[in-house]
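Since the structure comes first, as structure tokens, the remarks are kept for the end.
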Amino acid sequence: MDTLAELRAGRLAGATRLDLSCGLTEFPREIFDLADSLETLNLSGNALDALPDDLDRLHRLRVLFCSDNRFTTLPESIGRCHGLDIAGFKANRIHSVPAAALPPSLRWLILTDNRIEALPDTLGRCTRMQKLMLAGNRLRELPSSMAACRQLELLRISANRFETLPPWLFSLPRLAWLAAAGNPFDTQAEDAAIVAPSVPHVDWRDLTLGKKLGEGASGVIHQATLGSLRQQVAVKLFKGAVTSDGWPHSEMAACIAAGEHPTLIAAQHRIDGHPEGTEGLVMALVAPSFRTLAGPPSLASCTRDVYAGDARWTSAVALRIACDIASAMQHLHARGILHGDLYAHNILWNAQGGGRLGDFGAAWMTGALDANQAQALQGLEVRAFGCLLEELLDHCSDAPPPAMSALKDRCMRPDVAARPSFAEALSALQQEAAQ
């Protein structure tokens with residue numbers, strides 16, 4: 001983290017990135033001294049409520065983060081930054097998004113956890129947009145002009161006030177990752193899943209927490225032992241705040257509704273009696289030989305996962321992973337559940353054991369939607385599977401399976417209705433594996 005003193009002393013001359021989090025209440029004008037080099041400006045975690053009108057003097061600026069500040073209006077000066085790729089204003093107090101505040105160059109916009117009730121039609125001019133994060137607002141609709149955003153691949157509209165989904169969503173040829181839980185059309189299904197006796201309950205006192213295995217936006221995962229038999233399990237304790245994917249309550253509901261499946265990391269028990277009232281789930285503890293298939297997208301890759309430079313596997317392993325994930329997704333879709341985040345970074349794998357799909361943070365249920373909408377939504381996730389197949393094939397150490405390559409192309413067809421179901425995809429993969 002850079003310091004304001006370093007900036008003012010001129011010791012950051014030529015910097016391409018600047019990170020300042022030091023209780024700022026005003027934009028330091030000294031930042032303009034970096035105008036000829038600065039590409040990434042991170043002012044998150046301050047107390048700012050405005051940006052200067054001449055922000056576009058930072059003519060090389062590509063990335064701007066202003067999360068966790070005090071903005072109530074998205075600054076119009078952003079709209080004059082014609083080379084801006086990414087803008088992040090998560091967890092402010094924004095209720096107004098002026099039409100002039102959205103530069104058409106945007107590829108990734110983050111407005112999660114604000115108070116926005118409406119978005120301007122000018123959002124439809126952002127035809128480069130690939131990733132749009134709007135969870136945790138007060139939106140009831142999206143501007144119809146967004147039908148022109150045909151590069152859009154990931155959309156988060158969870159925890160808003162949508163009564164219905166925009167019909168034009170299904171015409172977007174590249175949309176693959178959609179999260180919409182925690183809206184009025186979805187909450188009845190969530191509530192039913194939470195109270196349904198689909199997984200047994202376990203008392204908190206029967207659990208002994210061990211080491212922390214990981215932490216995400218929605219909760220913390222610990223290794224634990226369960227009961228007198230000292231069964232080794234994983235425990236997820238949920239946080240209460242809205243995340244980029246939506247409400248933790250929605251994740252918990254989908255995880256419970258998913259039930260058991262051999263290639264799915266789903267809930268085994270629901271936890272009762274936590275001393276602080278924290279909600280939690282008990283899940284199977286995956287063997288330590290399993291590791292994450294890839295890292296999450298970077299600022300540069302935007303919507304695609306980042307693989308290790310030495311990531312390689314045989315075509316047989318790639319086929320096994322593809323079969324396992326297709327089987328897990330077929331199971332979810334049969335139960336009316338959308339995963340919402342079908343990505344390699346949510347898959348654990350090893351060469352002998354295949355793949356395991358986890359992380360229900362963006363999952364949601366289609367029970368309140370008509371059959372045609374539900375089928376179209378499943379088609380969006382088939383495109384996400386096509387992206388996964390493409391990545392698996394790209395990292396094969398030998399000749400890729402022909403049927404897998406052909407299936408990838410079918411899954412990524414621009415017409416949602418022309419894509420196969422997961423049942424069809426799994427059948428094609430199993431036939432290839434049997435040869």
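Taken together, the values in this text are just the output of simple stated rules run on the coordinates, not laboratory data. All figures in this text were calculated on a predicted structure; none of them were measured in a lab. FYI the Cβ positions are ideal-geometry reconstructions off the backbone, even for glycines, and counts take in every protein chain you see.
Couple of notes before you dig in:
- Computed over segment 190-284: relative contact order in percent, which uses C-alpha pairs under 8 Å that are six or more apart: 31 percent
- Segment 291-434, relative contact order [Cα under 8 Å, separation at least 6], %: 28 percent
- Residue-wise HN-Hα couplings along segment 166-177, as the Karplus relation 6.51 cos²θ - 1.76 cosθ + 1.60 with θ = phi - 60° gives them from phi, are x, x, 6, 3, 7, 9, 6, x, 10, 5, 9, 10 Hz; Gly and Pro carry x.
- The trypsin sites (Lys or Arg not before Pro) found in segment 146-250 that occupy coil by DSSP, while having at most 15 further C-beta atoms within 10 Å, are Arg150, Arg161, Arg230, Lys239.
- For segment 4-152, the direction-averaged projected area of the alpha-carbon convex hull comes to 7.7 nm².
- Mean separation of Cα contacts under 8 Å, 6 or more apart, over the residue count of the chain: relative contact order %: 10 percent
- Phi to ³J(HN,Hα) by Karplus 6.51 cos²θ - 1.76 cosθ + 1.60 over segment 97-111, Hz, x for Gly, Pro: 10, x, 4, 7, 7, 10, x, x, 6, 4, 10, 8, 10, 10, 10
- If you wrap the Cα atoms of segment 304-347 in a convex hull and average its projected area over all directions, you get 3.5 nm².
- Note on Lys90: lysines with a C-alpha under 23 Å away, same-chain residues under 8 apart excluded, are Lys131, Lys239.
- Shape call, segment 190-284: gyration tensor on alpha carbons, a/c limit 1.5: rounded
- Multiplying the residue separation of Ala9 and Ala147 by 0.36 nm and subtracting their alpha-carbon distance yields 44.9 nm.
- Each residue in Val242, Val235, Val306 was given a count of other beta-carbon atoms within 10 angstrom of its own, and listing them fewest first yields Val306, Val242, Val235.
- Extended-chain gain in nm, criterion 0.36 nm per residue less alpha-carbon gap, Asp203 and Ala47: 51.9 nm
- Helix-derived mean residue ellipticity, 222 nm - over the chain, DSSP H n ≥ 4, -39500 (n - 2.57), to 500: -7000 deg cm²/dmol
- Each peptide among 275-281, 307-313 gets the average number of other Cβ atoms lying within 10 Å of its residues, and from highest to lowest they stand as 275-281, 307-313.
- Hydrodynamic radius of segment 85-155 per Kirkwood, over alpha carbon pairs, in Å: 11.9 Å
- Peptides 332-345, 10-23, 116-129 ordered by average Cβ neighbours within 10 Å, highest first: 332-345, 116-129, 10-23
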